[in-house]
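Note sheet for the following structure.
The values are calculated or read from the model by the stated rules, or taken from the named source; none is laboratory data. These numbers come from a predicted model, not from an experiment. Here the Cβ positions follow ideal geometry from the backbone for every residue, glycine too, while neighbour counts run over all protein chains shown. Just so you know, the surface numbers come from the protein's heavy atoms only, side chains and all, with ligands and any DNA or RNA stripped out. Shrake-Rupley method; radii C 1.70, N 1.55, O 1.52, S 1.80 Å.
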Amino acid sequence: MPALVLLGAQWGDEGKGKATDLLGGSVDYVVRYQGGNNAGHTVVVGDQKYALHLLPSGILSPGCTPVIGNGVVVDPSVLFSELNGLNDRGVDTSKLLISGNAHIITPYNVTVDKVTERFLGKRKIGTTGRGIGPTYADKINRVGIRIQDLYDESILTQKVEAALDGKNQLLTKVFNRRAIEVGQVVEELLGYADRLRPYVADTVLVLNQALEQDKVVLFEGGQGTLLDIDHGTYPFVTSSNPTAGGACTGAGVGPTKISRVIGILKAYTTRVGSGPFPTELFDEDGDALRRIGGERGVTTGRDRRCGWFDAVIARYATRVNGLTDFFLTKLDVLTGWEQIPVCVAYEIDGRRVEDLPYSQTDFHHAKPVYEYLPGWSEDITKAKSFSDLPKNAQDYVKALEEMSGAPISAIGVGPGRDETIEINSFL
Ligand code: GDP
Ligand code: IMO
Ligand code: MG
């Protein structure tokens, strides 16, 4: 059964966009199943660089149908500017399908995201400010607005009224802001309806029929395992399920259909926003990883926090996602270190711990236990096969594979489509 899930194994920005794009030429559908334009996926094709936020990275492969599933939250203005940007560069986006059940990020959701963060002060999550959390909160509170609501003005008005009833109290009385007018929001949302219409589809039916016809479907996660609302470092997480199960709920495809789950794993670790990060570096090694790896957020432009590879996290990702493979990215960034520390376990209040602790208190106290692997100095960006890698780079990959609990089936040695070593085929 040719259904693959591709997701982030760490805190996001592992190189999911590049990995999806690489497979895009061989798959029929690429589906986003959660998150929204908090994601920033970079794809480099030849000398062209694309930054995608909401659209699945498969949009750059002509034969592939990109799908925005029911689990995604959609900001229509962002969607249109992304589509316009791609059209201006000659990319055909006409095949895009969007679930009518996907929720809309309304302007008031964006406002609430920003004021909530401001009120949290030092305790802020460091969100992307795109309205993601408040939109999912409305969904769970059953006062969300879905794409299909745009096609019934009366229902839309009632729903916006219901959503704003409580929010306006909060905005005016707690946050000291002006109330938001129902009519203005309805008018703005209705303004998106016509342009969205050709894309809106019953994506659950489309995807299940495609699978019945043995088409290849790739589910592209946003964010990463440790940012998962259930399995991540709560509350410093995003408000959806990037983990593998999220692909089923966020696209309406049963778990029995999923044949492979690929975890995208950076050869070191990064994180954006607040929250614990045991292997974080505050020294020149951290600065060097940031500089060489170009670790700056695609969405918010924030510097990413950088640290060494953490095998405890990789093992955890294998477990909670049922990973069948890893795609190890950015190995080239580690070229030049004499030895490379790898976190193999944590020390927590004097105890050695091999598995990610479920207790947040323990995780906040976790100190990395490092093993030091010998580095390499040869340029590896031209390597096409595993045997082209210097011995120490091969050993680094083998050690990570052993510690992480799933085979490393591909290795990224540069940002470009062809800068990849394929070890086992994904299809
Ligand atoms: P995503 O959010 O998981 O799609 O990742 P981002 O696009 O936010 O960040 C990954 C960055 O690493 C992008 O700038 C990619 O072009 C780049 N990249 C991906 N794979 C590799 C690789 O193997 N080597 C290098 N040097 N860069 C890579
Ligand atoms: P991709 O798909 C890295 C982080 C934010 C913040 C937390 C909550 O490019 O890997 P949100 O706006 O989602 O409510 O913010 O999650 N975050 C990401 N970090 N990569 C991402 O996406 C992220 N999307 C959200 O920085 O800490
Ligand atoms: Mg990113």
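Structure values in brief
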| item | result |
| --- | --- |
| Selection from Leu265, Ala393, Trp308 lying farthest towards where the dipole of the stretch 265-422 points positive, charges on Cβ | Leu265 |
| Hits among aspartates and glutamates - C-alpha to C-alpha of Lys18 under 12 Å, sequence gap 8 or more where chains match | Glu220, Asp418, Glu419 |
| Sequence ranges 77-88, 117-128, 333-344, ranked by mean other-Cβ count within 10 angstrom, highest first | 333-344, 77-88, 117-128 |
| Lysine pairs within the stretch 103-194, Cα separation less than 19 Å, 8 or more sequence positions apart or different chains | 8 |
| Rg/Rg_ref, the stretch 103-194, where Rg_ref = 2.2 N^0.38 Å and atoms are Cα | 1.08 |
| Distance in nm between pseudo-label sites at Thr249 and Asp88 (7 Å out along the Cβ direction from Cα) | 3.8 |
| Accessible-area composition of the stretch 139-203, carbon plus sulfur, in percent [1.4 Å probe] | 45 |
| Relative packing of peptides 408-417, 158-167, 346-355 - highest average C-beta neighbours within 10 Å first | 408-417, 158-167, 346-355 |
| Of Arg146, Arg315, Arg89, the one that fluctuates the most in a GNM where the chain has Cα springs shorter than 10 Å | Arg89 |
| Charge dipole of the chain about the Cα centre (unit charges at C-beta), most positive-ward option of Gly250, Thr238, Tyr192 | Tyr192 |
| Sulfur and carbon atoms: percent of accessible area, the stretch 59-136 [1.4 Å] | 54 |
| All Cα pairs of the stretch 340-414, percent lying beyond 20 Å | 45 |
| Val73 long-range amide H proximity, modeled H, under 5 Å | Gly35, Gly36 |
| With Cα atoms, 0 to 90° folded angle of helix 153-169 axis to the chain main axis | 70 |
| Dipole in debye (nearest 20) - the chain, about Cα centre, beta carbon charges: Lys, Arg +1; Asp, Glu -1 | 860 |
| Extended-chain gain in nm, criterion 0.36 nm per residue less alpha-carbon gap, Gln209 and Leu120 | 27.5 nm |
| Acute angle (nearest 10 degrees) that the helix 284-293 long axis makes with the longest principal axis of the chain, alpha-carbon atoms | 60 |
| Expected 222 nm ellipticity per residue - DSSP helices of 4 or more, -39500 (n - 2.57), all of the chain, to 500 | -9500 deg cm²/dmol |
| Percent of Cα pairs exceeding the 28 Å cut-off, where the set is the chain | 48 |
| Degrees between helix 76-88 axis and first principal axis of the chain (Cα, 0 to 90, nearest 10) | 60 |
| Per residue value of the accessible surface for the chain (all protein chains in place, 1.4 Å probe), Å² | 42 |
| Proximal aspartates and glutamates relative to Lys367, as straight alpha-carbon distance under 18 Å, when same-chain residues fewer than 8 apart are discounted | Glu280, Asp283, Asp285, Asp310, Glu347, Asp349, Glu354, Asp355 |
| Solvent-accessible area, 1.4 Å probe, carbon plus sulfur percent, for the stretch 321-394 | 50 |
